[in-house]
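Novice: Structure below; questions to follow.
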There are 2 protein chains.
Amino acid sequence: MDKQRFTKPDGRALILYSKDKLGQVGDVPSPSRVPHTANPHLRWHPFRGEWISYAAHRQHRTFQPPPDYNPLAPSPSRPSEVPVGAWDIAVFDNLFPAFAAGAHDPPALAVATAPALGACEVLVFTQDATASLATLPLWHLELLLDVWADRYEELGARPDVAYVYAFENRGVEVGVTLHHPHGQIYAYPFVPPVPARALERERRHYEERGRGLLEEVVEREAEDGIRVVYRGTHALAFTPVFARYPYEVWVAPSRAVASCASLSRDERRDFARALKTVLMKFDGLWQRPFPYILALYQAPTDGAVHPEAHVHIELYPAYRMAGRLKYLAGSEIGAGVFTADSVPEQTVRDLQAVPVNVDG
Amino acid sequence: MDKQRFTKPDGRALILYSKDKLGQVGDVPSPSRVPHTANPHLRWHPFRGEWISYAAHRQHRTFQPPPDYNPLAPSPSRPSEVPVGAWDIAVFDNLFPAFAAGAHDPPALAVATAPALGACEVLVFTQDATASLATLPLWHLELLLDVWADRYEELGARPDVAYVYAFENRGVEVGVTLHHPHGQIYAYPFVPPVPARALERERRHYEERGRGLLEEVVEREAEDGIRVVYRGTHALAFTPVFARYPYEVWVAPSRAVASCASLSRDERRDFARALKTVLMKFDGLWQRPFPYILALYQAPTDGAVHPEAHVHIELYPAYRMAGRLKYLAGSEIGAGVFTADSVPEQTVRDLQAVPVNVDG
């Protein structure tokens with residue numbers, strides 16, 4: 001993998017990754033040359049015990065893009081976020097970050113406040129605006145795992161970053177406005193509530209049993225077999241017996257590894273294969289692009305040791321059946337209780353039945 | 001308030017409430033005469049430490065209503081859920097409950113399972129299909145508080161119910177398919193994760209300070225004033241300084257009271273006034289029906305004493321600005337971290353500026 005770092009005219013960082021040697025790239029652009037400053041702040045929610053990020057600068061967007069404008073594609077004639085060149089994956093600082101290294105002087109309020117330190121990065125998965133993670137070749141998904149590993153190590157090493165979280169929102173159904181294939185990385189200055197609660201339970205399990213909770217779940221799902229979507233030498237994709245979303249799928253290495261950075265080459269290859277299999281099945285299910293949220297969980301980078309952590313991806317589909325969205329409403333949002341119309345054993349059968357050829 | 005109980009032809013309960021004497025009602029209907037059995041079950045999510053409810057019977061709906069069909073309006077010629085009569089608010093058992101008293105024999109699986117005991121009720125707010133909570137007169141909202149109080153006491157007294165949660169999903173944007181004004185009550189056999197976490201923090205605060213967390217928040221917001229939407233003798237409506245959603249509003253009695261059942265007549269009257277004010281401002285903001293989730297939090301009915309609890313309503317709007325939905329995506333869903341484009345002090349100003357006349 002080749003990696004080169006640049007600075008945009010507005011001061012933000014750009015990093016280009018390529019499988020082979022990168023070679024020459026064109027001018028590194030940004031939509032504006034005005035130095036970019038972001039100053040998000042945090043407020044403490046005393047009932048939830050959570051930090052909320054406020055990025056009020058987002059309201060002051062001066063740049064109004066035309067409807068067909070794609071800032072994630074190289075475009076010599078229009079303001080773009082990425083340059084012309086032989087890169088495979090591009091990473092740059094989000095123009096309107098909810099977390100930023102330069103955050104400072106939060107307002108004094110009736111609740112605790114703090115600067116929203118950290119980072120928000122955009123990952124352009126490919127130069128091909130018509131592609132998706134499901135259609136990219138296996139080597140490209142493997143490169144994405146390498147990039148996730150690199151971002152984990154680089155951002156995780158920063159003193160203001162306690163958790164590196166990679167995700168993809170796919171589809172207008174989950175709020176995506178730019179259709180060029182891309183994901184994001186949020187580097188939080190704290191361990192966020194959802195992984196924090198999971199890690200607490202994983203740690204308790206690890207201390208009691210001497211091995212990881214997810215390691216055992218993967219083993220049990222592999223043995224049981226009925227909810228398995230992909231079975232490889234080093235990775236398993238499955239709908240967990242306790243899935244909350246219809247068609248929810250988890251992708252995990254069999255070995256309890258803390259992050260993408262600790263995966264061996266063979267493990268990355270099989271993990272990429274597992275992920276591509278699932279995403280192809282998603283798109284094949286109703287013969288149309290399948291919207292989802294992809295969440296990549298890794299060990300915190302908070303300085304503590306996390307033998308309980310086990311890197312994996314959770315995929316939350318937006319639909320509960322063809323054309324019917326799964327709404328999170330009163331029970332899910334207000335009470336935190338998920339209610340499902342179907343059992344995991346039913347929805348996974350539909351996925352199992354979709355034929356895919358990941359090498360095609 | 002008059003209250004009368006009936007049994008539907010399929011065995012489900014129906015309760016009619018009216019401000020004045022109810023008088024004679026027509027035949028009590030149900031869409032089908034086949035005895036209704038529901039058997040939802042729970043599975044334990046070991047990473048989230050939560051129960052998930054699976055109601056697979058929901059897939060087997062035999063009744064396919066015509067597009068203009070409104071089962072929440074009295075209708076002598078078509079299958080309806082409610083009878084003809086002078087009732088003001090009707091309550092009946094949900095046809096496809098995620099929680100039910102009759103739940104039994106959950107499947108044996110690799111995770112803990114349990115019968116999904118409890119109840120799911122539908123509350124028809126009015127016979128007028130064109131009304132909404134915002135347009136109902138004050139006495140009708142006060143009656144709704146009486147009904148919520150009654151459901152809290154009746155359901156809360158059941159040994160299988162640990163938490164009585166009332167909510168309204170309003171608008172297609174939050175997944176509503178029936179447009180007749182209605183809400184729901186979920187009576188859970190456990191204290192759900194969201195209120196459980198809030199109560200834990202409220203309890204800690206109560207033990208340390210000798211008074212309620214929300215009591216202090218209400219006092220401070222009333223003093224501060226800049227985020228207040230309604231100020232009455234007994235109730236306050238405000239956008240909390242730590243609001244997660246744009247235009248989020250909380251409605252609370254000033255006095256730390258555990259549930260609707262413990263509110264005095266004067267407090268109910270002022271609470272109804274506060275709620276109507278907020279909902280009229282919502283609809284007035286962009287001169288169109290304003291979709292939201294309304295969540296009513298009360299003390300658990302788990303047998304323990306809860307001096308830390310303080311009944312209140314939280315309203316989560318679906319839009320972050322006119323025509324732009326607030327999507328819960330990668331950060332909110334996967335990490336549990338809310339990111340806002342605006343600060344509470346901005347959005348509340350828009351609400352404050354909407355003139356309303358609750359007595360009109």
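The values are calculated or read from the model by the stated rules, or taken from the named source; none is laboratory data. Keep in mind that what you see is a predicted model, and the values were worked out from it rather than measured. Positions of Cβ are backbone-derived with ideal geometry, glycine not excepted, and every protein chain shown enters the neighbour counts.
Novice: In region B:206-220, what count of residues is obtained for those that are in contact with a Gly (Cβ under 7 Å, 6 or more places away or on another chain) and within 8 Å of chain A (Cβ to nearest Cβ)?
Specialist: Looking only at that region, the number is 0.
Novice: Can you find a residue that is at pLDDT 90 or above and assigned by TED's automatic domain parsing to the domain that holds A:Cys120 anywhere in region A:56-64?
Specialist: Checking region A:56-64: not a single residue is at pLDDT 90 or above and assigned by TED's automatic domain parsing to the domain that holds A:Cys120.
Novice: Only one of (1) in contact (Cβ under 8 Å) with a residue 60 or more places away in the chain; (2) of a type in the set (S, T, N, Q); (3) part of a loop (DSSP other than H, G, I, E, B) fails for B:Thr277. Which number is that?
Specialist: Here B:Thr277 clears every test but (3).
Novice: Looking at region B:280-300 only, could you name the residues that are assigned to a loop (DSSP other than H, G, I, E, B), surrounded by 19 or more Cβ atoms within 10 Å (Cβ to Cβ) and away from chain A (no Cβ under 14 Å)? Steps first, answer last, please.
Specialist: Of region B:280-300, the ones assigned to a loop (DSSP other than H, G, I, E, B) are B:286-291, B:298-300.
From the residues that got through so far, the ones that are surrounded by 19 or more Cβ atoms within 10 Å (Cβ to Cβ) too are B:290-291, B:298-300.
If the condition is that a residue be assigned to a loop (DSSP other than H, G, I, E, B), surrounded by 19 or more Cβ atoms within 10 Å (Cβ to Cβ) and away from chain A (no Cβ under 14 Å), then B:Phe290, B:Ala299 are the ones that fit.
Novice: Please verify whether region A:224-237 includes one or more residues that are within 12 Å of chain B (Cβ to nearest Cβ), surrounded by fewer than 20 Cβ atoms within 10 Å (Cβ to Cβ), modelled with pLDDT of 95 or more and within 27 Å of A:Asp302 (Cβ to Cβ).
Specialist: No, region A:224-237 has no match at all.
Novice: Assess whether B:Glu153 counts as being out of contact with any Leu (no Cβ under 9 Å at 6 or more places or on another chain) and away from chain A (no Cβ under 14 Å).
Specialist: yes
Novice: Let me ask another. Taking the residues in region A:89-110 that are in contact with a helix residue (DSSP H, G or I) (Cβ under 6 Å, 6 or more places away or on another chain) and either of a type in the set (Asp, Glu) or in a loop (DSSP other than H, G, I, E, B) (or both) as candidates, determine which candidate is modelled with the highest pLDDT.
Specialist: A:Ala110
Novice: Looking only at residues that are in contact with a Ser or Thr (Cβ under 9 Å, 6 or more places away or on another chain) and not in a helix (DSSP H, G or I) in region B:156-168, which one is nearest to the other protein chains (Cβ to nearest Cβ)? So that I can check it myself, show each step before the final result.
Specialist: Quick first cut of region B:156-168, residues in contact with a Ser or Thr (Cβ under 9 Å, 6 or more places away or on another chain) only: B:156-158, B:161-165, B:167.
Next, only the ones that are not in a helix (DSSP H, G or I) stay: B:157-158, B:161-165, B:167.
On the way: B:Ala157: 20, B:Arg158: 18, B:Val161: 13, B:Ala162: 12, B:Tyr163: 8, B:Val164: 11, B:Tyr165: 5, B:Phe167: 3 Å.
Looking at the filtered set, the residue picked out is B:Phe167.
Novice: Which of the residues spanning region B:177-195 are facing chain A (nearest Cβ under 9 Å) and either among the hydroxyl-bearing types (Ser, Thr, Tyr) or touching a residue at least 24 places away in the same chain (Cβ under 8 Å) (or both)? Explain how you work it out, then say what you get.
Specialist: Keep residues of region B:177-195 that are facing chain A (nearest Cβ under 9 Å), which gives B:183-184, B:186, B:188, B:190, B:192-195.
Within region B:177-195, B:Gly183, B:Gln184, B:Tyr186, B:Tyr188, B:Phe190, B:Pro192, B:Pro193, B:Pro195 qualify.
Novice: Next question, about the same structure. Any chance you could count how many residues in region A:73-92 are over 15 Å from A:Phe125 (Cα atoms) and within 24 Å of the chain's Cα centre (by Cα)?
Specialist: Within region A:73-92, residues that are over 15 Å from A:Phe125 (Cα atoms) and within 24 Å of the chain's Cα centre (by Cα) number 1.
Novice: Which members of region B:19-48 meet the condition of being surrounded by 12 or more Cβ atoms within 10 Å (Cβ to Cβ), basic (Lys, Arg) and in contact with a strand residue (DSSP E or B) (Cβ under 7 Å, 6 or more places away or on another chain)?
Specialist: B:Arg43
Novice: Would you list the strands (runs of 3 or more DSSP E) that sit entirely within region A:202-258 and hold 1 or more residues that are under 23 Å from A:Tyr316 (Cβ atoms), among the small types (Gly, Ala, Ser) and in the same structural domain as A:Gln298 (by TED's automatic domain parsing)?
Specialist: By residue number, A:235-238, A:249-253.
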